[in-house]
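Peer 1: The following block contains the structure, expressed as structure tokens.
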Number of protein chains: 4
Amino acid sequence: MACSRIESSDLDNLRPLSAKCKNEMTNFQPQYPDFEEKVRQSFARQTVMNTIGARMTRVAAGEVEIEMPFRDDLSQQHGFIHAGIITAILDSACGYAALTLMPEDAAVLTVEFKVNLLSPARGEKMIARGRVTRPGRTVTVCAGDVFALTDDREKPIATMLATMISLRDREGMTD
Amino acid sequence: MACSRIESSDLDNLRPLSAKCKNEMTNFQPQYPDFEEKVRQSFARQTVMNTIGARMTRVAAGEVEIEMPFRDDLSQQHGFIHAGIITAILDSACGYAALTLMPEDAAVLTVEFKVNLLSPARGEKMIARGRVTRPGRTVTVCAGDVFALTDDREKPIATMLATMISLRDREGMTD
Amino acid sequence: MACSRIESSDLDNLRPLSAKCKNEMTNFQPQYPDFEEKVRQSFARQTVMNTIGARMTRVAAGEVEIEMPFRDDLSQQHGFIHAGIITAILDSACGYAALTLMPEDAAVLTVEFKVNLLSPARGEKMIARGRVTRPGRTVTVCAGDVFALTDDREKPIATMLATMISLRDREGMTD
Amino acid sequence: MACSRIESSDLDNLRPLSAKCKNEMTNFQPQYPDFEEKVRQSFARQTVMNTIGARMTRVAAGEVEIEMPFRDDLSQQHGFIHAGIITAILDSACGYAALTLMPEDAAVLTVEFKVNLLSPARGEKMIARGRVTRPGRTVTVCAGDVFALTDDREKPIATMLATMISLRDREGMTD
């Protein structure tokens, strides 16, 4: 399954994308130099991330990683981390991955996401990795995965396919 | 758009379903009398629900309602409740709606869900309502909505379409 | 599960919505009188609909119905209508439901959809009904269902939750 | 974003999975030698594939590729291949990718899928590639992409995240 060569979209001014091919991902070009600082400041305002003990461990063009420790007070009835909490770190990782490629004055909002739960969410910590699949002027498509780390081994827990939207010129709505 | 008359599935021993028509919903037949007690006890073991201040306000055959107050420490960067928290109460409402129709010894797990975010999650409290769309021996399809309550008005915040699975005979996995 | 009273969105200039409550649906206000004609003309340009024998049987503000007969040459390996064909009529029903509420010069494109398959797609004909859940200036959320008709009985076959986008001022892209 | 080492699931007897890492994909072990023949015979019974001109161009453990030429009689109103047809080849590619890893007597059915449309579906031909993300005794999670080929260049058109189910011992339901 070879990587495809990518060409720019002629429909809606979207930038080239890398899709599934990791080595294509370096194509992503942020639109201003301080995107990481903006993303980290916005993440710091997500109070829920502090509440659940999550922190942002990596920011790159089109990619964001968020980690959280396992905590008993965030579990569902079988003692695994609740799907909503897994979704929280996955949605933030995907949304901020999208934000890294948006203009400086844009805000990002989640339009929708779909999550498949692959294995019970238990382990020492949960690592969410979000990446841009298809950047766009208005709509950005992202994918992400959560892995449970136990004894230095990662196990896939959940996978997300999400649609993000870039908002501009909305009063009081900035990132 | 009239209600459809429903017939039993001949493919996989599924029970009749009610689809979108509220007045058909009374067709759902729980498989044992104490389903509400089982659902409430299982919900009580979801520690995350206590952590976020959520409580189960209604249990009926194929339907569950969960409420939570607005809280600043559960918000995203713009001050709205984070999509992951909205998803948490919606997933629990849908999963427990499914569980009301499963056999007494079954456990419910979420296979996957898709959530569309419709409006910013702000208001006095959030009300998640999950309902069974299609019950099945193995797979149950559910739908749910979250409404934000402000001054006695409800506003739709999010909508979910989800797939739940019934597990039986798994060691240590009960609801 | 009472209908909620709806208020306008203050985030993104979205119009009021009806959500799940049928009797609220009359709230939808098309933006110009000839929306039905525009929708039917656009549908007539979907050559695939002719190829699969589908026709548009109803157009109303925020709602569209499309029917197709069962055909052996559109089936999957077990003799049911293939999920992609079911998706085709469901996607068109949802997309055109969205278009009924968009401005006269707008074009509609599907951003994404999720489909749950509920029962094998067999019967005399398939009826897809799409409706707007949440209209918006840019993004419109729709839901839809496909029913199989046999001996005057309808049976739910599939359900969709979809995101549509309104495009304006794109060269050559009109509906 | 390094590949994770994978361990077997302890929840539901699932086999190891490869997730996103291509070089892990060789881990997939079909359960009987003639899986390719079974998949190709089942595909040959999907009459819709013949109707739309699609053919299966590759079958491997956990991976299937299906191609179809561009055809004007399968288009939507703007002249692109209709999303339902794109979904048809993507769903078949994902479903048969799942079937390659199921037992010899199993049948595969699609539970649900979500598709994001990334670019207009035009070009000389469409190539759908489905792969298993997470095989399971009952539920298999798959991902897939459709690329449009023009002048030897591939452009991503759509991406799918899907849930497949393995059926056994259902009368008359075999693949």
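The values are calculated or read from the model by the stated rules, or taken from the named source; none is laboratory data. Given the structure is predicted, the values throughout are model-derived calculations rather than measurements. Backbone-built Cβ (ideal geometry, glycine too); neighbour counts: all protein chains shown.
Peer 1: Checking the structure you have, find out if any residue of segment A:61-76 is closer than 25 Å to residue B:73 by Cα, small (Gly, Ala, Ser) and modelled with pLDDT of 95 or more.
Peer 2: yes
Peer 1: Would you confirm, using the coordinates I've provided, whether residue C:108 is more than 21 Å from residue D:121 (Cβ to Cβ) and under 13 Å from the mean Cα position of the chain (by Cα)?
Peer 2: no
Peer 1: Those residues that are in a helix (DSSP H, G or I) and surrounded by fewer than 24 Cβ atoms within 10 Å (Cβ to Cβ), I need them from segment D:70-80; list them, please.
Peer 2: D:72, D:73
Peer 1: A further question on this structure: Kindly list the number of the only condition in (1) touching a strand residue (DSSP E or B) at 6+ places or on another chain (Cβ under 6 Å); (2) modelled with pLDDT under 95; (3) more than 14 Å from chain D (Cβ to nearest Cβ) that fails for residue C:169.
Peer 2: In the conditions (1) touching a strand residue (DSSP E or B) at 6+ places or on another chain (Cβ under 6 Å); (2) modelled with pLDDT under 95; (3) more than 14 Å from chain D (Cβ to nearest Cβ), residue C:169 misses (1) alone.
Peer 1: Sticking with this one: How many residues does segment A:151-166 hold that are within 13 Å of chain D (Cβ to nearest Cβ) and touching a residue at least 60 places away in the same chain (Cβ under 8 Å)?
Peer 2: Residues flagged as within 13 Å of chain D (Cβ to nearest Cβ) and touching a residue at least 60 places away in the same chain (Cβ under 8 Å) within segment A:151-166 amount to 5.
Peer 1: Just give me the residues in segment C:68-80 being within 10 Å of another protein chain (Cβ to nearest Cβ) and farther than 21 Å from residue C:114 by Cβ, in sequence order.
Peer 2: The answer is C:71, C:72, C:73, C:74, C:75, C:77, C:78, C:79.
Peer 1: Filtering segment B:161-175 down to residues that are buried (at least 23 other Cβ atoms within 10 Å of the Cβ) and aliphatic (A, V, I, L, M), which residue is farthest from residue B:93 (Cα to Cα)?
Peer 2: This residue is B:165.
Peer 1: Residue C:64: facing chain D (nearest Cβ under 10 Å), touching a helix residue (DSSP H, G or I) at 6+ places or on another chain (Cβ under 8 Å) and not polar (S, T, N, Q), yes or no?
Peer 2: no
Peer 1: Continuing with this model, one more query. Considering segment D:81-107 alone, what residues qualify as being outside any helix (DSSP H, G or I) and either at the interface with another protein chain (Cβ under 9 Å from one of its Cβ atoms) or acidic (Asp, Glu) (or both)?
Peer 2: D:81, D:82, D:104, D:105, D:107 - these are the residues of segment D:81-107 that are outside any helix (DSSP H, G or I) and either at the interface with another protein chain (Cβ under 9 Å from one of its Cβ atoms) or acidic (Asp, Glu) (or both).
Peer 1: Right, here's the next one. For segment C:111-129, enumerate the residues that are facing chain B (nearest Cβ under 10 Å) and assigned to a strand (DSSP E or B).
Peer 2: C:112, C:113, C:114, C:115, C:116, C:117, C:127, C:129
Peer 1: With the requirement that a residue be in contact with a Gly (Cβ under 8 Å, 6 or more places away or on another chain) and assigned to a strand (DSSP E or B), what does segment B:130-156 give you?
Peer 2: Passing the criteria: B:130, B:131, B:132, B:142, B:143, B:144, B:148, B:149, B:150, B:155.
Peer 1: When you scan segment C:157-175, how many residues do you find that are over 19 Å from residue C:112 (Cα atoms), in a loop (DSSP other than H, G, I, E, B) and within 20 Å of the chain's Cα centre (by Cα)?
Peer 2: Counting residues in segment C:157-175 that are over 19 Å from residue C:112 (Cα atoms), in a loop (DSSP other than H, G, I, E, B) and within 20 Å of the chain's Cα centre (by Cα) gives 1.
Peer 1: When the residues of segment C:30-63 are filtered to those that are hydroxyl-bearing (Ser, Thr, Tyr) and not in a loop (DSSP other than H, G, I, E, B), which remaining residue is surrounded by the fewest Cβ atoms within 10 Å (Cβ to Cβ)?
Peer 2: C:57
Peer 1: Of A:132, A:141, which residue is within 10 Å of another protein chain (Cβ to nearest Cβ) and either modelled with pLDDT of 95 or more or more than 18 Å from residue C:165 (Cβ to Cβ) (or both)?
Peer 2: A:141
Peer 1: Which numbered condition in (1) at pLDDT below 95; (2) under 14 Å from residue B:70 (Cα atoms) is the only one that residue B:123 fails?
Peer 2: Unmet condition: (1).
Conditions (1) buried (at least 20 other Cβ atoms within 10 Å of the Cβ); (2) of a type in the set (Phe, Trp, Tyr); (3) touching a Leu at 6+ places or on another chain (Cβ under 9 Å), marked per residue:
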residue: B:84; (1), (2), (3): yes, no, yes
residue: B:87; (1), (2), (3): yes, no, no
residue: B:107; (1), (2), (3): no, no, yes
residue: B:131; (1), (2), (3): yes, no, no
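Peer 1: If you don't mind, another one. Whether any residue in segment B:92-109 is at pLDDT 95 or above, in contact with a strand residue (DSSP E or B) (Cβ under 8 Å, 6 or more places away or on another chain) and under 22 Å from residue A:51 (Cα atoms) is what I want to check.
Peer 2: yes
Peer 1: For residue D:148, work out the one condition from (1) farther than 20 Å from residue D:44 by Cα; (2) crowded, with 21+ Cβ neighbours inside 10 Å; (3) at the interface with another protein chain (Cβ under 9 Å from one of its Cβ atoms) it doesn't fulfil.
Peer 2: It fails just one condition, (3).
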